[in-house]
Every structure is written in C-alpha cells, then in structure tokens.
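Note sheet for the following structure.
The values are calculated or read from the model by the stated rules, or taken from the named source; none is laboratory data. Bear in mind that the values here come from a model prediction, so they are computed numbers and not experimental data. When we count neighbours, we look across all protein chains shown, and the Cβ atoms used for this are built from the backbone with ideal geometry, even at glycine. Each accessible area value is taken on the protein alone, full model and side chains, heavy atoms only, with ligands, DNA and RNA left out. Shrake-Rupley method; radii C 1.70, N 1.55, O 1.52, S 1.80 Å.
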Amino acid sequence: MIKSMTGYGIATSDSGNVKYTVEIKSLNSKFLELSLRLPKMFSEKEFQLRNDCSKQIERGKVNLSINVEQAGSNVKAAGIDRDLLKHYFNQLKNVSDELNEPGGNLLQLALSLPEVVKYEEDTINEEEWKLVEKTFQQALSAFQKFRSDEGEVLEQDIKQRIGIILKNLELVEVEEPKRVPAIRERLNQFLSEAVGAESIDKNRFEQELIYYIDKLDITEEKIRLKSHCEYFLETLKNADANGKKLGFISQEIGREINTLGSKANDANMQKLVVGMKEELEKIKEQLLNVL
C-alpha cells in the first residue's frame, strides 16, 4: 500500500467561547519541509507540534496552520497609552508649528508610534490546549486518510502501467523468433549483391550469422525485466513508505528496456520497446508524488 505526498486535512472544535481550526496540507518534496503558522499564544507549543508532525508525516512540503476565533464578548480590545499619545502629539504639533506645516493628521501619526497602542497578550491554559491538541490529531487523521486514498488511486494507475510493460514483453517474445530468418535473408541478399551468390562460403556465412545473432540475444534482458517488474509489484504492497525504493527499481526497469531497444534490430520490437518506455516515464512521474 502506497501513500501520496499530496494531502489535506482540516478539523474544528468549539469550546463555546473560542473556535479552533487546524488545517494541514502538503505537496511532494524529497524531504520533510514543515511550515507552521500559529497564533502567538501557541508559540511555546511549536516544538511539540513539529515533533508530532515529523513522526507521523515523514516526507512532503507541509503547511500547518491553527486559527483562533474569539466569540464577540471575548474579543480583547487594544489599549491606548493616553499619556504617551499626548506626549507624541504635543511634540509633533510643536514641530509642525515651527515649520508652518499643516497638522491635520498628527493624531493618526501619533497613534502609529511605538508603544502607543498596546495589545494584551493571549495565553492558553492546559484545558484549552488539550482541546487544540485533540483537534490537531483529528486534522492529522483526515490528512493521513487523504494521503491513503490518493495513494490507492496512484497504485492502481501504476499497476496498470506495469501490466502494459509486461504485456509488451510477451509480444516481444512473439516477435523475437521472426528476427533470425529476416536477418539471414537481409545478410544473404547483401552478400549476393556485393560478391555474387556463387562466391558466398555457406559455412563461413552460418558461423558469422550465429555470432551476429548471439550479439543480439535478449534472453537475459527479458528475464531481468520481468523480475524487476515483479519485484516492483511486490514492493507496492509493503506497508512502509517506499516511494524512493520504487524509484530505484524503476531505474533498473529502464536500463533493461533500453538494452532491449538497442538489441532489438527489428521495427516491430522497437515499437513495443517505445511503448514500454512511454509507460515507464508515466510511472516515474507518478512516483514523484509517492511517499
């Protein structure tokens, strides 16, 4: 069973006064790239969240966000330091008067200066954190299910393409015996035109033909290709994350297909090999998104 690196999960919880929303989404990546967007009140819990994500997500470019919505009666308003505001305003007004400049926006400017507007720091107690943690785990479960469901789709597609490669291999075996008579005919015709049919040494011709055909033998390549494909299908069934391993096996499959193509020396076999290459490239594209 394989999993996709693309995933999405969301969960919400409401304590009556506060609504928490946890959202997790990911894209493919060679390593775990974790990005957290948290309210300030959760800053001390960031390490714990990162640790939980690292243990359960493994790979992918992951974004985790927690959103907090306060009920209307619980929204904390900002406070204004009146003395500091007056101090800034008077200073700005004096400078404005000295420069004979209009001072219509002095109050707005004073409000933007440091420490004038103060926000009460939010904190989270242990009971609220337990609720958030439970919501996080629910979002993570939904995220993992999304990855598993996507993985099933990828697995079926990849299996189908491996099946096409094996089917083409069977067709190659059908075409292979036809090569020898065709090669014999082609070489015989070439020699007849070059030196004349009566000048051909039949024994030497047969020896050279056997040597030439032996160089084009693809028995080992067929055996290895079939073996790699079967190993690939077995690896698909493993419970562990195996995207990288499947990538390595697909490289070995590619080597055998390329060798088949270089030894084919037959138009029909070459077409089948091209079909194998096409399916293998699509498999490699899919494997980029496998965990």
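Looking across region 28-55 at every residue that is farther than 24 Å from Asn125 by Cα and touching a helix residue (DSSP H, G or I) at 6+ places or on another chain (Cβ under 8 Å), the one that is modelled with the highest pLDDT is identified as Leu34. Restricting attention to region 7-27, the residues being closer than 20 Å to Ser148 by Cα and either at pLDDT below 90 or open to solvent by less than 40 Å² (accessible area, probe 1.4 Å) (or both) number 6.
Candidates Ser35, Ser54: the one that is closer than 17 Å to Ala142 by Cα, open to solvent by less than 70 Å² (accessible area, probe 1.4 Å) and not aliphatic (A, V, I, L, M) is Ser54. If a residue has to be touching a Leu at 6+ places or on another chain (Cβ under 8 Å) and in contact (Cβ under 8 Å) with a residue 40 or more places away in the chain to count, how many in region 30-41 make the cut? Residues in region 30-41 being touching a Leu at 6+ places or on another chain (Cβ under 8 Å) and in contact (Cβ under 8 Å) with a residue 40 or more places away in the chain: 0 in total.
With respect to Ser96, is the statement that it is of a type in the set (S, T, N, Q), at pLDDT below 85 and surrounded by 12 or more Cβ atoms within 10 Å (Cβ to Cβ) true? So Ser96 fits the description; yes.
Scanning region 23-37 for residues that are of a type in the set (A, V, I, L, M, F, W, C) and in contact with a Gly (Cβ under 8 Å, 6 or more places away or on another chain) yields Ile24, Leu27, Leu32.
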